[in-house]
Amino acid sequence: MTSASEPDGSADTSITGIDGAKGLLTYRGFRIDEVVRHLGYEATAGLLLWGTRPGEPAARDITSELRLRRQLSPSLLRVLESLPVDSPPIDGLRTAVSAMDDVARVYPPTAHEALDLISRSSTVVAWLYHRSSGSRAREPDPELGHVANFLWMVQGTRPSPERVRALERYFVLLADHGISASTYALRIVLSTRSDLASAMSAALGALKGPLHGGAPPGVLEMLDAVGSVEQVEAWIDGTLERRGRLFGFGHPTYQVEDPRATLLREYARDVASPERYALAQRFEEVALQRLARRRPDQPLFTNVDFYGALLLEGVGLPRPLFTPTFALARTAGWSAHGLEQVAQNRLVRPPERYLGPAPRPWTGPD
Ligand code: ACO
């Protein structure tokens, strides 16, 4: 029997390794800085799903498979058209994942369903964006890769190589992060022998919260509220005094800087406006200083969302799409975890630690 303090195996994984003390993140054993330097998003998805790299004998190039799966079915479009125009796109994406009638709902799920979900989700997000802004959704462009096509569908112009490179790096860095809250939610659903689409809609529900995937828009709202480099110190001090949280700082896993934050700090510079970047740098400097002073024994560090938000703004994505874009990147990791979960499936039922009253006699009222 497993006691409450022992791991029950539900978080066992061979996909992404995290050493929070050393700030080390690996996909299938390869350091994240190497992965992002050598692989685009499709190849990263292949690495996460099957542990193979392009050129290796068993490697599967999913670029063309994703391209073939971009269209949305008429019945899915009818469901999306029935949603309130102003509903957050992350809710629309979660609904769409539940309503995709052309994605099989079988147990165990296969790579086919995973590729359907990865590919169609990006068309859904672009479609929802155009609907909410009253414009016309762009048709997917078969000439473009997964990330460039997403930018094209949202922006309606051929994206510059600089923007595609930046967003591709973001997608690679956000593609997986071990047993995060959303991934755990996905694995719990699949452990009941449910299907991948149901599990991914649970993951989207978990990702939506501001302590997880909902943080990136909060970063920009914070920078907007600060306004200028001169206001940074007063704004941060006031927020911390009110026990407010600074978005983009702290992480439950890392005791040093998140390695993705280190890389995104550099990549965001390529696309952010110089004024925005200077404000963010000053904000980060003061925030780290104040957070370390408040809890010297447990200093907090910049997390993936701080410069991630700047990068998303720099490539021209609108804020309501920040969390959905995080979700699109994560569909690869969720899929890999889904396939891993069913390959070693056991029902996830954490050992409960009961803290309520001991059994007691029922005494009146009758
Ligand atoms: N700003 C100010 N104070 C903070 C922050 C922050 N960003 N993060 C933690 N603290 C403080 C808390 O107020 C708390 O203080 P208290 O003990 O005086 O009440 C203490 O640090 C511990 O907070 P926890 O929430 O228990 O710490 P944990 O490490 O579990 O939290 C989390 C991690 C949720 C990410 C937190 O740092 C946070 O809220 N950050 C801001 C939101 C954010 O950036 N989220 C994205 C994270 S990346 C991802 O997807 C998980």
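In table form, for the structure just shown:
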| item | result |
| --- | --- |
| Complete set of residues in segment 114-128 that are closer than 13 Å to residue 101 by Cα and open to solvent by 10 Å² or more (accessible area, probe 1.4 Å) | 116, 120 |
| Flag for residue 152 being of a type outside the set (D, E, K, R), open to solvent by 10 Å² or more (accessible area, probe 1.4 Å) and within 16 Å of the ligand (Cβ to nearest atom) | no |
| Flag for residue 187 being among the charged types (D, E, K, R) and on the phi < 0 side of the Ramachandran plot | yes |
| Single residue of segment 173-201 satisfying the filter (away from the ligand (no atom under 16 Å from the Cβ) and under 16 Å from the mean Cα position of the chain (by Cα)) that is surrounded by the most Cβ atoms within 10 Å (Cβ to Cβ) | 200 |
| Residue within segment 36-45 that is of a type in the set (D, E, K, R) and assigned to a loop (DSSP other than H, G, I, E, B) present | no |
| Unmet criterion (only one of (1) away from the ligand (no atom under 16 Å from the Cβ); (2) over 24 Å from residue 31 (Cα atoms)) for residue 218 | (1) |
| Output for segment 332-366, where each listed residue is surrounded by 10 or more Cβ atoms within 10 Å (Cβ to Cβ) and either over 24 Å from the mean Cα position of the chain (by Cα) or in a loop (DSSP other than H, G, I, E, B) (or both) | 344, 345, 346, 348, 349, 350, 351 |
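Rundown of residues vs (1) out of contact with any strand residue (DSSP E or B) (no Cβ under 6 Å at 6 or more places or on another chain); (2) more than 23 Å from residue 263 (Cβ to Cβ); (3) among the hydrophobic types (A, V, I, L, M, F, W, C); (4) more than 16 Å from the ligand (Cβ to nearest atom), yes/no style:
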site	(1), (2), (3), (4)
306	yes, no, yes, no
312	yes, no, yes, no
316	yes, no, no, yes
321	yes, no, yes, yes
326	yes, no, yes, no
334	yes, no, yes, no
338	yes, yes, no, yes
344	yes, yes, no, yes
347	yes, yes, yes, yes
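The values are calculated or read from the model by the stated rules, or taken from the named source; none is laboratory data. Computed from a prediction, not measured in an experiment: that's the story for all the values here. As a convention, Cβ positions derive from the backbone with ideal geometry for all residues, glycine included, and neighbour counts pool all protein chains shown. The accessibility values were calculated without ligands, DNA or RNA, using every heavy atom of the protein model including side chains. Shrake-Rupley method; radii C 1.70, N 1.55, O 1.52, S 1.80 Å.
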